[in-house]
Amino acid sequence: MLGDYRIEGRRAAEISANVERAVGTGRLAPGELLPPMRELAVELGVNPNTVAAAYRTLRDRGVIETSGRRGSRVRERPATAPRELIRVEAPEGVRDVSTGNPDPVLLPPLGEALAAAAERARRHPVLYGAPAVDTELERMARSTFARDGVPQGPVAVTSGALDGIERVLTAHLRPGDAVAVEDPGWGSLLDLVPALGLRVLPVAVDDDGPLPQDAERVLKQGARALVVTDRAQNPTGAAVSEGRARQLRAVLARHPHVLLIEDDHGHGIVDLPLHPLAGVTGHWALVRSVAKAYGPDLRLAVLTGDAVTVDRVRGRQRLGHGWVSHVLQDAVLHLWRSGAVDAAAVADAYGRRRDALVRALRERGIEAHGRSGMNVWLPVPDETGAVTRLLQAGWAVAPGARFRVASPPAVRLTVSPLAMEDIGTVADALAAATVPVPAGRYD
């Protein structure tokens, strides 16, 4: 237990800071078992309540996790080691297909929308006390939600999808609660959950979304929330089909107290219909970001859900940054009204590249996944070896470790930077890179 390292401090803040500093510098390794609270209290000559407060702070910050009688351990992936750092830098001359970014050519110009928003702000300045959500933006958001079969609910505006998901999680959950997340799944979400002091319970995914039997298993294990990506799942491209949605709704109906969060960041770049799960459980939210279709820097998402959830999100917003800029809201509203994005054309542009790559890989005997969106997921026998060989071949891909909890090794490619004439070349490189190297070979 802890080896040669000795925890120090007299106050709870000093003890927690000492442990967090040791984790950050590597002196306490992931999985390291911390002393029982009473034992550490005796060693430090402090009240056990002081140590309990320190451990509680460490749990809240995502540094440690507590498993009842098994004690407290340093998290395998503490909040100080985000998955975004698991990346490959593309040297000069190497094509980078690792980023997950949309194709800039498919994003609409923002000049006219921002100018219109600035003019409206000049004529009708937004001051303290104004409603947090632009009335017309809310009306249009409600209309699109209704067309997609999302149950009626109030609307909030957040600074992107992850901000919305975080606000919903903290509105209902407390440190130590478990959250069911897709595996493989969005790396930022897999970082966020432990950073909030919550526990990750992985749910396996196929091309139609989360597996119902896996979702049932983790909900029975006590997961307080389930997060599902409806379409363009990152990294696999999965999209919840009508049949899968029916199965998942049946699972959720048996767990009505679970918080359901749906991420529909693929709205505007996917031509597959939405099959929402919302409305089965008492508390739910659906978040729809504009990042992929209109540009990541707009930092805006619309969120709907049950009245209690949305009210809690809005209330907490008021105590923080207050609201998302009405200039941004008006700019997005202008883009929606003007039809600046042809969703069908954008979906077709990504779909042709994605489908061609998946097809080319399968023709070469390589399993690949990419039902929707802009990413292709490629299982590999040796993740590090595949990434290294692809770099040598002139391609930088995203290591699957950024997106995995318990699922097998893989790599992710984003098709946004590819032209159709690139497909054969990158497929050949992938096929060569995923062939296991014979024993004794290091090249």
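Nothing in this text is a laboratory measurement; each read-out follows from the coordinates by a stated rule. Since this is a predicted model, take the numbers as computed values, not measurements. Cβ sites come from the backbone with ideal geometry, for glycine too, and all protein chains shown count toward neighbours.
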Assuming 0.36 nm per residue, please report the length gained on full extension of the stretch ARG6 to ASP382 beyond their Cα-Cα distance. 131.6 nm
Any chance you could run the full-extension gain for ALA253 through GLU43? It's 0.36 nm times the residue separation minus the Cα-Cα distance, nm to one decimal. 70.6 nm
Can you work out the FRET efficiency for the pair THR144 and ARG299, with r the C-beta to C-beta distance and R0 = 22 Å, to the nearest 0.05? 0.70
The range 1-58-the range 404-427 distance, computed between alpha-carbon centres (Å): 43
Mean separation of Cα contacts under 8 Å (at least 6 apart) over the residue count of the range 12-74, i.e. the relative contact order in percent, is 41
Hey, quick one: spin label on ASP206, modelled 7 Å out along Cα-Cβ, who in the range 230-274 has an amide N within reach, i.e. under 11 Å? 244
Mind pulling the per residue volume of the convex hull built on the Cα atoms of the chain? Å³ is fine. 172
Counting each DSSP H run of 4 or more residues in the chain as -39500 (n - 2.57), what helix-only mean residue ellipticity at 222 nm follows after dividing by all residues, to the nearest 500 deg cm²/dmol? -12000 deg cm²/dmol
Mean-square fluctuation maximum in Gaussian network of the chain, Cα pairs under 10 Å, restricted to GLU65, GLU39, GLU20, hits GLU39
Tell me, how many Å apart are the Cα centres for the range 156-221 and for the range 346-385? 25
Using a Förster distance of 51 angstrom, determine the FRET efficiency expected from the C-beta separation of ALA52 and ALA419, and round it to 0.05. 0.30
GluC sites (Glu not before Pro) within the range 343-432: which are DSSP loop residues with at most 13 other Cβ atoms inside 10 Å? GLU367
Once both labels are modelled 7 Å past Cα along the beta-carbon direction, what's the ALA118-GLU76 spacing in nm? 5.0
Quick one: order HIS257, HIS283 by neighbouring beta-carbon count within 10 Å, fewest to most. HIS257, HIS283
Please report TYR128, TYR55 as a ranked list, fewest other C-beta atoms within 10 angstrom at the top and most at the bottom. TYR128, TYR55
Starting from the Cα of TYR128, step 7 Å along the direction of its Cβ; do the same at GLN213; then give the gap between the two resulting points in nm. 5.9
